[in-house]
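The values are calculated or read from the model by the stated rules, or taken from the named source; none is laboratory data. The model shown is predicted, which means the values in this text are computed figures rather than measured ones. Using ideal geometry, Cβ is built from the backbone for each residue, glycine included, and neighbour counts are taken over all protein chains shown.
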DNA sequence: CTCAGTTTTCAGACATTCCTGAAAATAGAG
DNA sequence: CTCTATTTTCAGGAATGTCTGAAAACTGAG
């Protein structure tokens with residue numbers, strides 16, 4: 001690996017993490033190198049810095065492009081393709097979350113929708129469906145929340161994140177004002193009784 | 001696989017998703033079966049329903065326990081171990097997020113902290129460190145937010161999620177009130193200039 | 001068109017992960 | 001303690017995933 005020590009440490013770590021993130025080691029390393037690079041790099045730069053084969057770089061870049069995590073950027077007077085990661089780290093995280101949602105959440109959501117439309121054949125299936133319904137409602141709630149938040153501009157997002165649970169204080173106050181004597185709170189989401 | 005069609009469809013899907021979630025197919029399937037089961041199941045129930053080897057079930061359960069995703073529950077008059085998933089789906093999601101954070105975020109956070117304390121040897125390393133600093137700040141912001149939110153009780157959490165970006169409206173109003181003539185908004189987080 | 005520079009594809013070598021059956025370890029009953 | 005039911009470990013075969021070099025495909029210049 002042809003990189004100064006600090007860079008190499010980062011790249012190696014990202015490579016290892018890659019496997020926990022649904023991409024292989026090489027793909028993680030390629031991303032890491034691009035992320036810390038001062039300028040856009042071409043495939044051969046990556047071959048040189050990582051000491052891996054040209055074809056491996058090609059496949060890695062293809063995968064990163066399918067994740068929208070790297071951008072191809074033309075360089076005047078050079079026929080080769082050059083690649084960068086976006087400068088804005090917030091946009092990177094947005095992309096990452098969107099792509100993971102697409103791969104990890106959306107397929108499950110449509111599977112759940114499909115199975116919830118079916119008629120259960122017996123008590124076992126009926127109970128299963130009740131559980132799926134809980135799961136479906138929760139995922140819907142989370143994805144609706146994210147779809148809403150995702151539209152915020154970065155500045156507002158930072159403000160909101162910095163507030164943390166302080167925003168919940170507002171709700172507490174609201175609840176205290178509107179609470180009816182003897183009124184019940186919202187019930188937790190569950191169609192299933194506790195299992196003995 | 002010894003399950004009614006609807007259950008089987010769910011279990012197969014969860015198995016496939018498992019690989020995108022950092023566990024293998026079998027572990028995903030075991031979890032799915034436990035999730036929709038009406039009662040706690042013992043290892044042999046899983047062998048029967050999934051048609052996999054006893055030892056594979058043992059390893060899978062061990063992994064799920066290391067994720068805190070299944071609970072061992074004694075059954076009176078039976079020496080065997082029985083397993084369930086929690087009934088409360090919110091607690092399941094909390095556990096899942098906590099465990100993924102532990103595996104996917106925390107190691108990166110400490111790696112970044114370590115590398116940010118080092119002295120860069122040259123311009124390349126200096127630029128790399130600036131990028132790492134951006135990444136570190138963002139991850140700190142997100143994890144601090146999550147640590148804060150995670151403490152909320154389920155009811156409040158649901159309220160907050162349902163509000164979505166409406167909470168941001170409050171900030172907008174606040175900003176409008178306190179805005180000074182000619183005053184600038186918060187700057188986006190970046191220690192790096194744009195790359196040409 | 002031809003040609004050189006560049007990227008992509010892909011068969012198969014190599015590496016890793018997964019799964020099983022057999023054997024060992026564990027735990028409770030008697 | 002012994003005996004039996006149960007769980008865990010683990011070597012190695014099966015299945016997947018990764019990486020490479022060679023060849024094919026593409027692309028723009030001349």
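For residue A:141, the conditions (1) at pLDDT below 95; (2) within 30 Å of residue A:88 (Cα to Cα); (3) within 7 Å of another protein chain (Cβ to nearest Cβ) are fulfilled apart from (1).
For beta carbons closer than 7 Å, sequence separation of 6+ or different chains, a first residue in the stretch A:53-68 that is within 24 Å of residue A:102 (Cα to Cα) and a second that is at pLDDT 95 or above and near DNA strand C (Cβ under 8 Å from one of its atoms), the qualifying pairs are A:58/A:43; A:61/A:43.
Restrict the check to the stretch A:13-27 and report whether at least one residue is within 24 Å of the chain's Cα centre (by Cα), within 15 Å of DNA strand C (Cβ to nearest atom), outside the structural domain of residue A:105 (by TED's automatic domain parsing) and touching a residue at least 60 places away in the same chain (Cβ under 8 Å). Within the stretch A:13-27, one or more residues are within 24 Å of the chain's Cα centre (by Cα), within 15 Å of DNA strand C (Cβ to nearest atom), outside the structural domain of residue A:105 (by TED's automatic domain parsing) and touching a residue at least 60 places away in the same chain (Cβ under 8 Å). Taking the criterion of being assigned to a helix (DSSP H, G or I) and within 13 Å of DNA strand D (Cβ to nearest atom), the residues of the stretch A:18-40 that qualify are A:18, A:19, A:20, A:25, A:26, A:27, A:28, A:29, A:30, A:31. Across the stretch B:41-94, the qualifying residues are those that are assigned to a loop (DSSP other than H, G, I, E, B) and near DNA strand C (Cβ under 10 Å from one of its atoms), and the one among them that is farthest from residue B:11 (Cα to Cα) is B:77. Could you go through the stretch B:69-82 and let me know if any residue there is within 14 Å of chain A (Cβ to nearest Cβ), in contact (Cβ under 8 Å) with a residue 40 or more places away in the chain and closer than 30 Å to residue B:140 by Cβ. No, the stretch B:69-82 contains no residue that is within 14 Å of chain A (Cβ to nearest Cβ), in contact (Cβ under 8 Å) with a residue 40 or more places away in the chain and closer than 30 Å to residue B:140 by Cβ.
Annotation: residue B:15 fulfils all but one of (1) within 25 Å of residue B:102 (Cβ to Cβ); (2) crowded, with 17+ Cβ neighbours inside 10 Å; (3) facing another protein chain (nearest Cβ under 10 Å); the unmet one is (3). Report whether or not residue A:88 is within 20 Å of residue B:134 (Cα to Cα) and at pLDDT 95 or above. In short, yes.
Filtering B:43, B:32 for residues that are within 23 Å of residue A:121 (Cβ to Cβ) and not assigned by TED's automatic domain parsing to the domain that holds residue B:152 leaves a single hit, B:32.
Let's see how each residue does on (1) closer than 28 Å to residue B:39 by Cα; (2) more than 7 Å from chain B (Cβ to nearest Cβ); (3) at pLDDT 90 or above:
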| residue | (1), (2), (3) |
| --- | --- |
| A:151 | no, no, yes |
| A:168 | no, no, no |
| A:172 | no, yes, no |
| A:194 | yes, no, no |
